[in-house]
Amino acid sequence: MIISTILLNLNISFSIELLIIFLFFIYVIYLHLLLVKKNSLLKTFYDKVEKPGSKLEKKDIISFLGNVKKSDDQEIITKDKLFDNKVSNFLFENDKKTKLFVHYTPRQDVATKILKEGFKFVNSFYKTAEYIYNDDLYLIHRHHEHKQYGHYVIVICISKDTYDHYSNELEKLKAKNISVEQILTKIPSYKDENSDDIYTCPKQFIKGYFNYTNGTITPNPEFNLSYQSKIFDENIEKLKRIKTN
């Protein structure tokens, strides 16, 4: 009877040890798979950086490596609706002809107001909006940098022909401190409480906005990729007069 009890206890103990070893083995495999995925992702990202003509910079991969260190795989390969076909098509329709920017905001009423009144910015888009292009890894990197600012993403689309035309005009004038976005405005700029000049991108360049958490898209009925205004040329003429005086 005593021997049977001892053997039973030994069997139970042995079974528990086997279970622990088995679970540990499964966990090691899981960690290995995560490492393989991350290494593969990093290699792909690095190859993108090294590719001739790539718009990615070395600092992008350094930032991305930081995200890998502090995030798990599911955070890196985001499940946000930004990468659904519907949203992707909305973003990159006519992308070869478009200068594309996005702006993140936490409130839908603010996003709706931008559709109706235009996008306000200080000096240039690059302080509050992000230039993007159709590249998955580049988009992942930029999205993870900016998603903390809100679920609603304003999409600003300007014809490359229009943007490049006024960019060339500024180059002719050697106007280094003037951005193209300042020229592509109809409403006069004004000073805010910090004495910064506030400009307004016309609502016609706002394609709409989407919520990256649920994929809902709100298009702007007044969007016009190739919108032109005589005031754009007047802005250039004003700048010429300033340069002449």
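Computed from the coordinates by the stated procedures, all read-outs in this text should not be read as laboratory data. Keep in mind it's a predicted model, so treat the numbers as computed, not measured. Here Cβ is always computed from backbone atoms with ideal geometry, including for glycine, and neighbour counts include all displayed protein chains.
This model, with +1 at the C-beta of Lys and Arg and -1 at the C-beta of Asp and Glu, gives segment 143-197 a dipole about its Cα centre of some 120 debye. Remark: PHE92, PHE205 ranked as PHE92, PHE205, counting other beta-carbon atoms within 10 Å and listing the fewest first. Where Lys and Arg each count +1 and Asp and Glu each count -1, what net charge lies around ALA129 among other residues with Cβ under 12 Å from its Cβ? Cβ neighbours under 12 Å give a net charge of +2.
For a paramagnetic label modelled on SER189 (point 7 Å from Cα along Cα→Cβ), amide N atoms under 18 Å away belong, within segment 120-140, to 120-129.
Averaged over residues, the count of other Cβ atoms within 10 Å places the peptides 118-124, 99-105 in the sequence 99-105, 118-124, highest first.
Is segment 80-244 rounded, prolate or oblate when judged by the Cα gyration tensor, a ≥ b ≥ c being the square roots of its eigenvalues, rounded requiring a/c under 1.5 and prolate requiring a/b larger than b/c? Note, shape of segment 80-244 comes out prolate. In terms of the Cα gyration tensor, with a ≥ b ≥ c the square roots of its eigenvalues, is segment 161-245 rounded because a/c is under 1.5, prolate because a/b exceeds b/c, or oblate? The shape class here is prolate. About the centre of its Cα atoms, segment 80-244 shows a dipole size close to 380 debye [charges on the beta carbon of Lys, Arg (+1) and Asp, Glu (-1) only; nearest 20 debye]. Between ASN94 and ASP135, the simple spin-label model (points 7 angstrom out along Cα→Cβ) gives 2.4 nm.
In this simple spin-label approximation, THR218 and LYS240 carry label points 7 Å from Cα along the Cα→Cβ vector, and these lie 4.1 nm apart.
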